[in-house]
Amino acid sequence: MKAFILAGTALLAVSSPLMAQDAPPPPPAEDPLEGVTPEEIAQREAANAEQLAFARKQLQQNSDNEAAYLQARSEYEAAYLQARSEYEAEVARIEQEKQAREVEIARIKSEHDAAVAKWEADVAACEAGDWSRCDKPKKD
């Protein structure tokens with residue numbers, strides 16, 4: 001029984017739009033200019049012309065604003081790219097300086113480590129009896 005009710009409801013739901021399409025179109029509306037005076041028609045035409053002029057002016061202003069925006073955006077992007085290029089060049093220059101400084105620090109450390117190693121070897125040799133490697137006493 002429920003299946004029959006559901007099938008009937010589904011058939012009604014599907015057929016309702018089909019039946020609505022077969023309905024005749026509504027009767028045409030009455031003439032919109034019927035009973036309108038020539039002065040009212042002139043007022044409407046003047047209002048329409050004024051609105052058209054306003055709309056055209058607004059469209060031109062929108063176009064001008066868009067062009068100004070695109071120009072400003074282009075200038076901003078060019079300035080940004082220039083600043084970014086300068087920034088990246090400065091970062092690269094600083095990185096080169098850092099690497100050169102690290103090379104110099106490594107050279108100085110190597111020289112220092114060699115001097116300390118020689119001194120430690122001289123001290124050990126001196127303590128072992130090789131007097132030629134002993135530090136000469138300083139005269140005050």
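Quick notes
- Site pair Val103 and Arg56 shows an inter-label distance of 7.2 nm when each label is modelled 7 Å from Cα along Cα→Cβ.
- Label-point separation, Tyr69 to Glu127 (7 Å along Cα→Cβ), nm: 8.2
- Rounded accessible area of Glu97 (nearest 10 Å², 1.4 Å probe): 90
- Residue-by-residue Karplus 3J(HN,Hα) for region 123-132, coefficients 6.51, -1.76, 1.60, Hz, glycine and proline x: 5, 5, 5, 4, 5, 7, x, 7, 5, 5
- Computed FRET value (nearest 0.05) for Ala47 with Glu77, which takes r as the C-beta separation and R₀ as 35 Å: 0.20
- Per-residue SASA entry for Val36, accessible area with 1.4 Å probe, Å² rounded to 10: 30
- Carbon plus sulfur fraction of accessible area for region 38-119, probe 1.4 Å, in percent: 58
- Using a probe of 1.4 Å, the accessible surface attributed to Arg44 totals some 130 Å² when neighbouring protein chains are kept in position.
The values are calculated or read from the model by the stated rules, or taken from the named source; none is laboratory data. Being a predicted model, the structure only gives us computed values, none of them experimental. Cβ: placed from backbone, ideal geometry, glycine included. Neighbour counts: every protein chain shown. Side chains included, ligands, DNA and RNA excluded: accessible areas come from the protein's heavy atoms. Shrake-Rupley method; radii C 1.70, N 1.55, O 1.52, S 1.80 Å.
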